[in-house]
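Inspection log for the structure reproduced underneath, given as structure tokens.
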Amino acid sequence: MPGREVVIVVGAGLMGQGLAEAIASKGNEVILVDKTTKLAHRGIKGIAESIDREIGRWGLTESDKKAILARIHPSADLSEAEDAEVVFEAIPEDLTLKRELLQELDDICPEDTILVTNTSTLSVSEVASFTKRPRKVIGMHFLNPVSRIPLVEIIKGLRTDEETFQRAVEFAESLDKKWITVNEYPGYVTTRIIVPFLNEAMHVLMEGVASAEDIDEAMKLGFGFNVGPLALADQMGLDVVMTWMDNLLRELSEHKYNPCPLLRKLVRAGHLGVKTGRGFFRYDEEGNRIESAAPVVGGAIK
Ligand code: NAI
């Protein structure tokens, strides 16, 4: 997997964009596939905006941006994967959707192509079972924003073989990521620990204990987090966070994974966080927080 090669990323949403950017920034060509060409192009636009933010904060240049974008090719044609050595899937956290995609990829790709899932809560063994190559299916759980978070969890399904694991390790290292090995279990390490934390912050807000700003400020200053739990949930996507919790609740029947009613309310209202301009806080078109705008206060959407 390492070196200069063509990598397919399926799903041009938040994570697909981040993956494509991180992979292309190491000199690889990326084909970014979504359901329609329009969605794939929307993904490219998102990547351009993300690099613009990094130019401001992290010292990337306009010519870096041009070079990275020139290596990412939008597409709506999954058959682009017919010669792929590795395919990353970053489509929504829905087992039925993942099953359909994995079966399609299994038919299209050569039998030794490695299929990588970025799932946060679903079983890698189950995702692998949708294919005729379960030994070649592995989880690589990158976190958002991929270009800045140095961690990837590498998740072995029950039937993932050692060669596939080693190639995933090489790939993680070629992207300068630190990796940890995870033996499959719902929520792995990061999602399992972060989700009850986010949920508790939402309960604290819903119960009127403190304002959204103060909850985030308390956790940042008190415990050294770079971002508070409510802003973090907004960045992840409130619909995505709720789906993770529902999956963990279904799988483990543990009350601690029951999504806070306030989270359900926001998702039902279409307030999904940064991507819709409104979640616990408000955001402009470029995804920057509008500090002066009133957030959700005490559970009431103002
Ligand atoms: P998203 O909703 O932002 O993007 C999903 C994209 O997949 C959309 O553009 C959608 O049009 C596309 N898509 C759906 N079905 C497709 C298909 N059959 N073929 C091609 N494209 C298709 O979702 P997000 O947040 O990027 O999550 C993707 C995966 O990454 C999920 O499994 C999620 O659990 C995981 N993840 C998400 C993180 C986050 O912070 N949002 C962090 C780590 C993992």
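Please tell me if Met206 is in contact (Cβ under 8 Å) with a residue 60 or more places away in the chain and either open to solvent by 60 Å² or more (accessible area, probe 1.4 Å) or in the same structural domain as Asp94 (by TED's automatic domain parsing) (or both).
Numbers: in contact (Cβ under 8 Å) with a residue 60 or more places away in the chain: yes; either open to solvent by 60 Å² or more (accessible area, probe 1.4 Å) or in the same structural domain as Asp94 (by TED's automatic domain parsing) (or both): yes.
In short, yes.
Within segment 180-235, count every residue that is at pLDDT 95 or above, within 16 Å of the ligand (Cβ to nearest atom) and on the phi > 0 side of the Ramachandran plot.
0
Checking Gly139 against (1) buried (at least 23 other Cβ atoms within 10 Å of the Cβ); (2) free of Cβ contacts under 8 Å to residues at least 40 places away in the same chain; (3) within 14 Å of the ligand (Cβ to nearest atom), which single condition isn't satisfied?
Exception for Gly139: condition (2).
Filter segment 14-43 down to residues that are touching a Gly at 6+ places or on another chain (Cβ under 7 Å), small (Gly, Ala, Ser) and farther than 24 Å from Lys178 by Cβ, then give me how many there are.
Going through segment 14-43 one residue at a time, the tally reaches 1.
Residues being buried (at least 24 other Cβ atoms within 10 Å of the Cβ) and over 17 Å from Asp64 (Cβ atoms): count how many of those fall in segment 8-33.
Residues that pass the stated criteria total 10.
Working only within segment 31-49, note down all residues that are among the hydrophobic types (A, V, I, L, M, F, W, C) and under 17 Å from the mean Cα position of the chain (by Cα).
Matches in segment 31-49: Leu32, Val33, Leu39, Ala40, Ile44, Ile47.
Can you tell me which residues in segment 55-96 are in a helix (DSSP H, G or I), open to solvent by less than 20 Å² (accessible area, probe 1.4 Å) and away from the ligand (no atom under 16 Å from the Cβ)? Even if it seems obvious, please write down each step before you answer.
Of the residues in segment 55-96, the ones in a helix (DSSP H, G or I) are 55-58, 62-70, 78-83, 95-96.
Remaining after also requiring open to solvent by less than 20 Å² (accessible area, probe 1.4 Å): 68, 81.
Once the filter is applied, which keeps residues that are in a helix (DSSP H, G or I), open to solvent by less than 20 Å² (accessible area, probe 1.4 Å) and away from the ligand (no atom under 16 Å from the Cβ), segment 55-96 yields only Ile68.
Considering only segment 240-247, I want to know if a residue exists there that is out of contact with any Ser or Thr (no Cβ under 6 Å at 6 or more places or on another chain), farther than 23 Å from Lys45 by Cα and surrounded by fewer than 15 Cβ atoms within 10 Å (Cβ to Cβ).
Within segment 240-247, not a single residue is out of contact with any Ser or Thr (no Cβ under 6 Å at 6 or more places or on another chain), farther than 23 Å from Lys45 by Cα and surrounded by fewer than 15 Cβ atoms within 10 Å (Cβ to Cβ).
Going residue by residue through segment 118-135, is there one that turns out to be away from the ligand (no atom under 13 Å from the Cβ), surrounded by 22 or more Cβ atoms within 10 Å (Cβ to Cβ) and closer than 20 Å to Ala22 by Cβ?
no
The values are calculated or read from the model by the stated rules, or taken from the named source; none is laboratory data. This structure is a prediction, so every number in the text was calculated from the model and none was measured. We place every Cβ from the backbone using ideal geometry, glycine too, and count neighbours over all the protein chains shown. The protein model used for the area step is the full one, side chains on, heavy atoms only, and it has no ligands, DNA or RNA in it. Shrake-Rupley method; radii C 1.70, N 1.55, O 1.52, S 1.80 Å.
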